Each structure stands twice: as structure tokens, then as C-alpha cells.
Amino acid sequence: MHLEAAVAAGKPVYLEKHVAIDVPGALKVIALAMRAEGNSASTVGFQIREVVRQFVEMVRRVHEGAIGKVVCGEAHYLTGYIDALNGPTHTADERRLRNWIYDRVLSGDIIVEQNIHVIDICNWILKSHPLKATGTGGRGGRPHPTASVFGNYNLVFQYPDGVDVTFSSTQFCQRLVGRH
């Protein structure tokens, strides 16, 4: 609703990811962006493209042909587990909102919340988007008892020109002595 109002008013927009948690929501954001094109400066929070100069330089070199034609790729997003924020006085609704990252409905899962940055780098390097994705994932290793999100993914993204990119993501649980 906020994006729709900003586009209607011709205002510039910085939209932080995740921009949507499902396909209908993403399609609505795309339609709004197309409607706003030329009327306002808008961008999405893929800050690596703008501020991490090593990545900008690497992609520039790849685009200039420094490694030849890209025929396949491999990408990873490996990170630590994020602790839950539960207090003894929090209601069930408060716990759900405070721990939105563990709720697939609220977060879109870790592939939308965190992994999208690595996938965006692949899209940037390949100057396209995947045509198809095949994969699997699971909740193994996630200690949060009510989480509906995965803790790991293994995917193959199929890009134009027969370029396949394997992608893996894992959140590692680090149990600390005296912590639960």
C-alpha cells in the first residue's frame, strides 16, 4: 500500500527487500515499478551493486570478458543461526512478530530474506534472471521449535544460454554453553 501511494504521488522510492513474500505480491511490485518508470527515481535494497567496490570491479571485469564466456556458476550463502527474541511476558502474537524471520508467511523464508543478495549477484553477473529453478531444502539443524522456514537449500538455477548456477544456503546452529 505504501509503494502504491508513493508511485501514485510520483515520489522517489527506496524499497528494501524483501519486496514481496509470494508471486502475486512480486508481480504487483513489478507492475508498480513499470508504472513509475520515468516518473520517479526508485531502487530496491541490493546495496552490493552500489557500495561494495570489490564486487563492482569484479562484475565490471567479468562483463568486459576477463574470464571469457560464463558457462556455469556456483554460489553459496552460509551464515550463523539468528537467535529467537522471546521474553517471558510476550504474547503469542508478539513472539511471532519479533521472530518474523522464522515465519514463512511473514518473511518469505531465508531464500527471500537473506539468500536473495547472492542470487542478485548471479543475476547481475549474468545480466539476466533464472528461467527455472530446481532444488530441495530442509529444516535440519534449526533449533527454533515453531519455525516454519528452512535452514538449508540446495538449488540449480537455469539461466539463458544454458548457464546453470548451483546454489547452496545453510544457517548453522551454534550451541553455546549455558544458552538455550
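The values are calculated or read from the model by the stated rules, or taken from the named source; none is laboratory data. Since the structure is predicted, the reported quantities are computational estimates derived from the model, not experimental observations. Heads up, the Cβs are rebuilt from the backbone with ideal geometry, glycines too, and the neighbour counts pull from every protein chain shown. Keep in mind that these areas ignore ligands, DNA and RNA; they rest on the heavy atoms of the full protein, side chains included. Shrake-Rupley method; radii C 1.70, N 1.55, O 1.52, S 1.80 Å.
Residues in region 58-73 include none that are surrounded by 15 or more Cβ atoms within 10 Å (Cβ to Cβ) and modelled with pLDDT under 85. A count restricted to region 135-172 and to residues that are exposed (fewer than 15 other Cβ atoms within 10 Å of the Cβ) and of a type in the set (A, V, I, L, M, F, W, C) stands at 2. Only one of the numbered conditions (1) open to solvent by less than 50 Å² (accessible area, probe 1.4 Å); (2) at pLDDT 95 or above is not met by D103, and that is (2).
Filter region 19-32 down to the residues that are under 16 Å from the mean Cα position of the chain (by Cα) and either closer than 14 Å to H2 by Cβ or among the small types (G, A, S) (or both) and list them by number. Scanning region 19-32 gives V19, A20, G25, A26, V29.
Within region 74-94, count every residue that is in a loop (DSSP other than H, G, I, E, B) and open to solvent by 60 Å² or more (accessible area, probe 1.4 Å). Steps first, answer last, please.
Step one: of region 74-94, the residues in a loop (DSSP other than H, G, I, E, B) are 81-91.
Within this subset, residues satisfying the condition of being open to solvent by 60 Å² or more (accessible area, probe 1.4 Å) are 82-83, 85-86, 88-89, 91.
Selection size over region 74-94: 7.
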